[in-house]
Amino acid sequence: MSRPSLAALLMGTALLPLSAAAQPILLDEITLTATADRPGQIAPSPEQIEDARTGSLEDVFRAEPSVSVSSGIAIAERVFVNGIDEQQLSVTVDGAAQNNRMFHHTGTNMIDPALLKAARVDPGVAPADAGFAALGGSIAYETKSALDLLEDGRDMGGRVTLGYGDNGGTGTAAVTLFGRRGPVDAMIYAKRATGDAYEDGNGRTVPFTGADLTSQALKLGATFGDWRAELGAIRFQDDALRPYRANFGGTIGGRPVPESRRYALDQSTQTLTIRRTVADGLLDPEIRIARSRSELDTTDLPTPGTVQPDFNNGDADTVSVVVQNRMQVAGFEVTAGVDNYRTAARYEGQFRGIAAAFREDRTTTGVFAQARGAVGDLDVSGGLRHDFSRFTGAGGQEIDTEGTSANVDVSWAATPELTFNGGLSSVFGGTQLASVYELDSPFLLERAYDALNPTRAHNAVLGAEWRRGGTTLGAELFRTRIDDIRKGLVSRDLESEGFRLSARQDWQGGFAALRYSDTDVTLDGAPASSFDLRELGTVPGGMLTLEARHEVMAGLSLGGIVQHAIEEDGRGADVDSDWPGYTVVDVFAEYEPAGLRNVTLRAEVNNLFDRAYADRATYGADFTSVVQQLEPGRSIALTADLRF
C-alpha cells in the first residue's frame, strides 16, 4: 500500500470514533486549541509544555510528528522540523539567536521545559523578523518571567517540583522563587536531575545514559512609565561519562575507540530587552542585546597506553543586537528594523596525539520589514530582509556575500468553516559556519573555501483547515529545498518534501487529536543515509501520533500519547538495513486535590508496553554496524508540584 493510501486509510479510520464521540460539543473552543498564530505553525499547547516540566524537548514535541527529536539522553537531543536539522533553522531563546553548531554526536540547543512559556515552530516559511538564515524555518522559545507566574493580587510566590522515575532511578528537584516590588520584578530558578543508566525495552542497561543535568535561570524586569526593561540569563550544564560517541552505543568494526569519555556541556544565554509598553500607532520600539554560548569539552579516559589522553574543547557563541519598531500602517502591523550577528566557532584540542586549534567567524548585518494584517477574508503576512555577511575562514580567508530574502503567507477564509493557506519564501544564508568539531587542518589552505557557494533556501507550503463545532480537520503539503548547503568544504543540495494530516475532536472537558506526517529527504537529488545527512537532516518517513486528554472529574485528568513510526526502507548507496517501525504508548493521571488547590500530583507510565526501539530521528538504524541508542523501556514516574 502506498504512503498516501495508508495515510488516507488511517485518517478515515480515526474519524469514525471521533464522529461518534462528538457529543457533547464544547461551544467555546478558545481554551482548548493550540497556541499557533497561523495555519501551518506548530505550537505546543500550555498543557503539553506543562506536562514536560520534568522532561526534555523530546517530551515537549512528543505529540507532533512533524517535529522529531533524536536520542534517549538530553545531551544528544537534536530537533528536526520536516526532516531538516535545526542547524538549518533560525533558533532563538527570548529573541536571542542561538549558535547551534557544535558536534554531530551531540545535540545543539538544550532547553529546560520547566522554564518555557511558549514554543513556536514555523516550518519552512518563516517571517523576516525571525532572524538571519531561517533556511528551513524557525524555532522560537520564550521563557517565563515573574509576571507570568504571579497570581492575581499577589506580589510574591514560589514553586517546588519534585520528580522520580524508576527506570534509572532518576530524581529531579526544581525550585522557583518570584515576586515584584514597585516597578521591579524578579524570578530565580534552579533545577538538578541525577540518575543511573536506564534500561531499554529489552531489559538491557544502556551504558552511560544516567541523568546529570543542572539548569539555572534569572529574570529581572523593571517598568518605568511607558518603558520596560528585562534582563534574563539561563544556563544548562551536563557533565558526565557518556558513550564515546554520545548519540549511539558504538560500531561493529571500524576504528577502535574507548567505550566512554567525559562530556562537559555548558550552554548559556543572556538577554537584555528594552521596549515601549504603550504604543501610539507609529512608535513601538524594541532594543535587544543578547549573547548565546555553547561550550563542549570531551576528554578521553587515561589508559596504560596513553600518557596524555586526547581532549577536545569547543566554543561556539553568537552576540546579537536587534533594533526594531512596530507600527500600524493602513490596517497592517509592520515590524521594521536592523539586526547584527557576530558568530564564532573555536576549537582547540589534541586528537590522536596531535594538538591543533582552529577558528571561523561570521559577521552579518541585516535590515528587515515584516507586515501582518487582514484584507477582507484574507490574512496576509509578507516581508523582506537584506543581509550583508562577512565570513572569515580558519586560515584567515575572507568571503563577503549579500542577499535578499522574501516571504509571503496568505490565509483565506473561504467560508466560516473552511480556510486555505499558502506560503512561499526564498531565504539567503550566506557562507555557513562549520560545526566546531568539524574544523580541521585542510581548512587552513589558501583556497580551502573556493568550492563553497552562498546558501539559499526555497520553501513552499499549501494547506487547508476545516472547523465545525468541536471538530477540526487539517491537511498540508510542504517542500523545502536548500541549495549549496555546507558539508565540510563542499556545497550540497538538500530537499525535504511531504505532507501532514490532522484531525481533532474537542468535547466538554477534553479532546483527542490525530496527526500524521510523511516526509522524504534527499541529498543532491538522491536518497541519503543517516550518515550522509549528519547535521543536515534525518529520515523521518511516516509518523503517526494520537494524543488524548480528559478531565474525568474536578481536579482529575487522564490522558496519553501514542506514537507510531511506519517501517521505512533504508536509503542511500551504502546502507544495509531498514528503519524498523514501532508503536509506543505513554499514559498519565494528574490530580489536584480539592482541599489543596496549590498542589498537583502526577503519575505517568512512559513506554507502557516496554517496547525496545530507537526514536526515528536517532542516528544509525540503516547500518547494521551501528549500535543504536535505544530509548528507555517502561518507566513509572511520579511528580509533585507545590505552589506557594
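The values are calculated or read from the model by the stated rules, or taken from the named source; none is laboratory data. Only a predicted model underlies this, so the values are computations on that prediction, with no experimental measurement involved. Cβ placement follows ideal geometry from the backbone for every residue including glycine, while neighbour counts extend to all protein chains displayed.
Can you name every residue in the range 580-634 that is of a type in the set (Phe, Trp, Tyr) and over 28 Å from residue 103 (Cβ atoms)? If you could, list the steps in order and put the result at the bottom.
At the first step, the residues of the range 580-634 found to be of a type in the set (Phe, Trp, Tyr) are 582, 588, 591, 609, 613, 619, 623.
The answer is 588, 591, 609.
Filter the range 510-529 down to the residues that are touching a residue at least 60 places away in the same chain (Cβ under 8 Å) and either in contact with a helix residue (DSSP H, G or I) (Cβ under 6 Å, 6 or more places away or on another chain) or at positive phi (or both), then identify the one that is surrounded by the fewest Cβ atoms within 10 Å (Cβ to Cβ).
In this case the residue turns out to be 518.
Collect the residues in the range 548-573 that are in contact with an Asp or Glu (Cβ under 9 Å, 6 or more places away or on another chain), at pLDDT 95 or above, not in a loop (DSSP other than H, G, I, E, B) and not small (Gly, Ala, Ser), keeping them in residue-number order.
549, 556, 558, 561, 562, 563
Just the residues that are in a strand (DSSP E or B), under 19 Å from the mean Cα position of the chain (by Cα) and of a type in the set (A, V, I, L, M), please, taken from the range 513-547.
521, 543, 544
Specify the residue that is nearest to residue 508 (Cα to Cα); the eligible residues are those in the range 574-594 that are touching a residue at least 40 places away in the same chain (Cβ under 8 Å) and in a loop (DSSP other than H, G, I, E, B).
Looking at the filtered set, the residue picked out is 594.
Residue 305 passes all but one of (1) among the small types (Gly, Ala, Ser); (2) at pLDDT below 95; (3) in contact with a Pro (Cβ under 8 Å, 6 or more places away or on another chain); which number fails?
Going through (1) among the small types (Gly, Ala, Ser); (2) at pLDDT below 95; (3) in contact with a Pro (Cβ under 8 Å, 6 or more places away or on another chain) one by one, residue 305 breaks only (3).
Quick check: anything in the range 270-277 under 23 Å from residue 96 (Cα atoms) and not in a strand (DSSP E or B)? Don't jump to the end; show me each part of the working.
Taking the range 270-277 first, the residues under 23 Å from residue 96 (Cα atoms) are 270-277.
Now drop any that are not not in a strand (DSSP E or B), which leaves 277.
Yes, the range 270-277 contains at least one residue that is under 23 Å from residue 96 (Cα atoms) and not in a strand (DSSP E or B).
Please indicate, with yes or no, whether at least one residue in the range 195-204 is touching a Ser or Thr at 6+ places or on another chain (Cβ under 9 Å), surrounded by 16 or more Cβ atoms within 10 Å (Cβ to Cβ) and under 24 Å from residue 642 (Cα atoms).
yes
Give the residues of the range 482-509 that are at negative phi and acidic (Asp, Glu), sorted by residue number.
The answer is 483, 493, 495, 497, 506.
Residues that are among the aromatic types (Phe, Trp, Tyr) and over 25 Å from residue 269 (Cβ atoms): which strands (runs of 3 or more DSSP E) entirely in the range 181-257 hold 1 or more of them?
Result: 248-251.
If you check residue 92 against the conditions, is it hydroxyl-bearing (Ser, Thr, Tyr), within 30 Å of residue 644 (Cα to Cα) and part of a strand (DSSP E or B)? Before the answer, list the steps.
Values: hydroxyl-bearing (Ser, Thr, Tyr): yes; within 30 Å of residue 644 (Cα to Cα): no; part of a strand (DSSP E or B): yes.
No: the conditions fail for residue 92.
Given the conditions (1) touching a Gly at 6+ places or on another chain (Cβ under 7 Å); (2) at pLDDT below 95, which single one is not true for residue 469?
(1)
Checking the structure you have, find out if any residue of the range 571-583 is of a type in the set (Phe, Trp, Tyr), closer than 15 Å to residue 637 by Cα and surrounded by fewer than 20 Cβ atoms within 10 Å (Cβ to Cβ).
Scanning the range 571-583 turns up no residue that is of a type in the set (Phe, Trp, Tyr), closer than 15 Å to residue 637 by Cα and surrounded by fewer than 20 Cβ atoms within 10 Å (Cβ to Cβ).
What are the pairs, 6+ residues apart or on separate chains, where a residue within the range 100-113 that is hydrophobic (A, V, I, L, M, F, W, C) has its Cβ under 7 Å from a residue that is in a loop (DSSP other than H, G, I, E, B)?
Final answer for the pair search is 102/108; 102/435; 103/435.
Quick check on my filter: what residues within the range 445-466 are surrounded by 18 or more Cβ atoms within 10 Å (Cβ to Cβ) and part of a strand (DSSP E or B)?
Hits for the range 445-466 are 455, 456, 457, 459, 461, 463, 465.
List, please: which pairs have Cβ atoms under 8 Å, are six or more places apart or on different chains, and start with a residue in the range 541-552 that is over 30 Å from residue 497 (Cβ atoms) and end with one that is not in a strand (DSSP E or B)?
549/47; 550/509; 551/509; 552/509
Within the range 432-444, work out how many residues are buried (at least 21 other Cβ atoms within 10 Å of the Cβ) and not in a helix (DSSP H, G or I). Lay out the reasoning, then the answer.
Step one: of the range 432-444, the residues buried (at least 21 other Cβ atoms within 10 Å of the Cβ) are 432-439.
So of that shortlist, the ones also not in a helix (DSSP H, G or I) come out as 432-435, 439.
Going through the range 432-444 one residue at a time, the tally reaches 5.
Which count do you get for residues in the range 624-644 that are assigned to a loop (DSSP other than H, G, I, E, B) and under 26 Å from the mean Cα position of the chain (by Cα)?
The number of residues fulfilling the criteria is 6.
Please go through the range 374-431 and pick out each residue that is in a loop (DSSP other than H, G, I, E, B) and over 30 Å from residue 450 (Cβ atoms). Walk me through it before giving the result.
Initial filter on the range 374-431 (in a loop (DSSP other than H, G, I, E, B)): 376-377, 393-397, 414-417, 431.
Matches in the range 374-431: 376, 377, 414, 415, 416, 417.
Mind listing whichever residues of the range 69-85 are at pLDDT 95 or above and either among the polar types (S, T, N, Q) or in a helix (DSSP H, G or I) (or both)?
Residue satisfying the conditions is 82 alone.
In the range 36-68, which residues are β-branched (Val, Ile, Thr), outside any loop (DSSP other than H, G, I, E, B) and farther than 20 Å from residue 543 by Cα?
Taking the range 36-68 and keeping what is β-branched (Val, Ile, Thr), we get 42, 49, 54, 60, 67.
Going one step further and asking which of them are outside any loop (DSSP other than H, G, I, E, B), we end up with 42, 49, 60, 67.
Correct list: 49 only.
Inspect the range 293-302 for any residue being loosely packed, with under 15 Cβ neighbours inside 10 Å and either among the polar types (S, T, N, Q) or not in a strand (DSSP E or B) (or both) and give the result as yes or no.
Narrowing the range 293-302 to residues loosely packed, with under 15 Cβ neighbours inside 10 Å: 301-302.
Next cut, either among the polar types (S, T, N, Q) or not in a strand (DSSP E or B) (or both) only: 301-302.
Scanning the range 293-302, I find at least one residue that is loosely packed, with under 15 Cβ neighbours inside 10 Å and either among the polar types (S, T, N, Q) or not in a strand (DSSP E or B) (or both), so the answer is yes.
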